[in-house]
Amino acid sequence: MSTTAPREIGEQAELAVDREAPAYPIRLGLSLPRSTGLPHAHAPQPPLTVLIFARDETAVLGETLRRLNDCLGPDDGLHVVADHCSDGTVDLARSYGATVYERIAPDGLPGKGGALRWWVDQTRGDSDCDRPVVILDADSLPSPGLLDGLRVEMATGVSAAQAEIRPLVAFPSPVSLLAAYSDVTEQRVFDAWRARLGWPVRLRGTGMAIQRRPLERAAARLSTRAEDIELTVLLGSWGASIHPAPHAYVYDPKPPDTQGAIRQRARWLQGQAGVIRRHPAAVTRLVLRGPAGWSLLESLFLRPKAFFLPAKAAAAAAAWALAVTAGSILYGAVAVLASLWLASDLAGLAAGLRHMPDMGEALQALAAWPLYVGVWVRSLFLSAVSRDPWLRSRATTSRTAAPRGEDGR
């Protein structure tokens with residue numbers, strides 16, 4: 001099968017493309033050296049424990065482990081949880097030098113959250129259990145400087161750090177481009193604003209580093225299918241610092257088709273509902289934190305912005321109508337706040353366009369935003385009716401594309 005050449009942004013961006021699928025990498029900014037010039041690089045650098053969760057992932061795990069072995073420090077640990085695997089995941093992980101934990105018990109919470117809670121219990125009291133833990137998905141592709149960037153960030157004493165997630169999209173379509181645009185904008189614009197204000201950012205499931213003690217405390221409370229949302233809510237409600245790590249990034253292959261995207265979003269929606277249902281006190285504490293907590297909750301639950309923008313516009317219009325008809329200062333203040341909220345979203349979305357590889361193509365995709373809203377509507381329906389304990393967003397037989405490192409490997 002012939003392929004099209006991948007399109008890219010940034011310096012030294014080489015891609016090793018699977019012969020069966022072209023890649024569309026969304027690059028965020030320029031490549032960075034592994035650790036040269038990183039802020040706080042003079043601070044003592046802690047060793048890390050890198051943790052990967054895999055469930056029948058032989059098709060993608062090998063490339064992830066190979067890349068990790070290229071950037072692991074001499075004192076870092078590499079752990080793989082083989083969660084109810086029936087393929088060669090265990091042997092593959094061991095061949096790359098990973099310490100493998102086989103989870104085979106039928107009871108317990110299914111999915112990544114349950115596997116994380118189980119792993120924490122298995123490793124409690126180990127000699128290296130005081131290290132920060134870096135959590136990756138089996139198909140995440142670490143950049144050469146991922147661990148160095150996270151190591152430097154964790155050395156500052158933050159409770160958690162989140163690397164940039166750079167989406168890889170095969171077979172570009174309006175829906176897939178809008179999904180990538182949403183991810184890019186949320187990180188490069190809205191999370192950047194939060195960081196400047198000293199507000200926490202949300203954890204994204206992969207590329208996240210968490211200090212062991214708060215991780216143990218949070219893992220004991222995991223009970224939903226969306227461990228990233230749950231960890232963010234719990235840590236945020238305790239006042240933990242969750243910082244972006246702008247000098248660390250990981251490539252994240254996106255669902256290869258619309259059905260995969262629907263299943264992925266349905267799992268997120270199920271997780272959101274589960275977190276609200278199971279952790280009302282934590283959500284309430286975030287509400288009481290004021291703007292920092294509100295911003296974090298918005299990033300977790302009011303997604304995507306394209307879905308909620310019409311509602312925000314309607315709320316602002318209704319508030320202005322009430323302010324004019326009632327002549328109330330209170331209604332006027334509410335209308336101003338609603339308008340500022342809407343304006344900040346629009347400004348952020350406009351700013352996000354400059355981070356896309358092709359602004360014209362991104363604008364064309366934006367014209368098809370009702371299709372993207374339709375994907376979320378279908379995901380909402382699936383989340384309500386599905387009893388699948390693990391709504392996988394992709395098949396486990398192939399990787400769509402694998403970017404080569406910025407050092408040319």
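Bear in mind these aren't lab numbers, they're just calculated from the coordinates by the rules spelled out. Since the model is a prediction, treat every value here as computed from it, not as a measurement. Because the Cβ atoms are built from the backbone with ideal geometry, glycine has one as well, and the counts that use them run over all protein chains shown.
Ratio of alpha-carbon Rg to the 2.2 N^0.38 Å globular estimate for the range 152-192, to two decimals, please. The partial results should precede the final answer.
Values: Rg = 13.8 Å, N = 41, 2.2 N^0.38 = 9.0 Å.
That ratio works out to 1.53.
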Pop out the ³J(HN,Hα) list for the range 275-281 in order, Karplus 6.51 cos²θ - 1.76 cosθ + 1.60 with θ = phi - 60°, rounded to Hz; leave Gly and Pro as x. 5, 4, 6, 9, 10, x, 5
For the range 356-364, 3J(HN,Hα) per residue [Karplus equation, 6.51 cos²θ - 1.76 cosθ + 1.60, θ = phi - 60°, Hz, x = Gly/Pro]: 8, x, 9, 5, x, 5, 5, 5, 5
If you bin the C-alpha pair distances of the range 258-352 every 5 Å from 0, what whole percents do you get? 2, 12, 15, 18, 18, 17, 11, 5, 2, 1
HN-Hα J couplings of the range 292-306 from phi, Karplus 6.51/-1.76/1.60, θ = phi - 60°, integer Hz, Gly and Pro as x? 4, x, 4, 4, 5, 5, 4, 5, 8, 10, 9, 10, x, 4, 4
Ordered by fewest other Cβ atoms within 10 Å, a rough proxy for footprinting exposure, CYS129, CYS85 read CYS129, CYS85
Going Cα to Cα from LYS254, which lysines come in below 26 Å? Please leave out same-chain ones fewer than 8 positions away. LYS112, LYS305
Neighbouring Cβ atoms within 10 Å as the yardstick, rank HIS247, HIS84 fewest first. HIS84, HIS247
Using the 10 angstrom Cβ neighbour count as an exposure proxy, how do GLU230, GLU216 rank, fewest first? GLU216, GLU230
So for the range 59-198, considering every pair of alpha-carbon atoms, how many percent are separated by more than 28 Å? 29
What's the ranking of 235-241, 262-268, 117-123 by average number of surrounding C-beta atoms within 10 Å, highest first? 262-268, 235-241, 117-123
Considering amide H positions built from the backbone, and no H for Pro or chain starts, which residues 5 or more places from ASP76, or on another chain, come under 5 Å of its amide H? LEU48
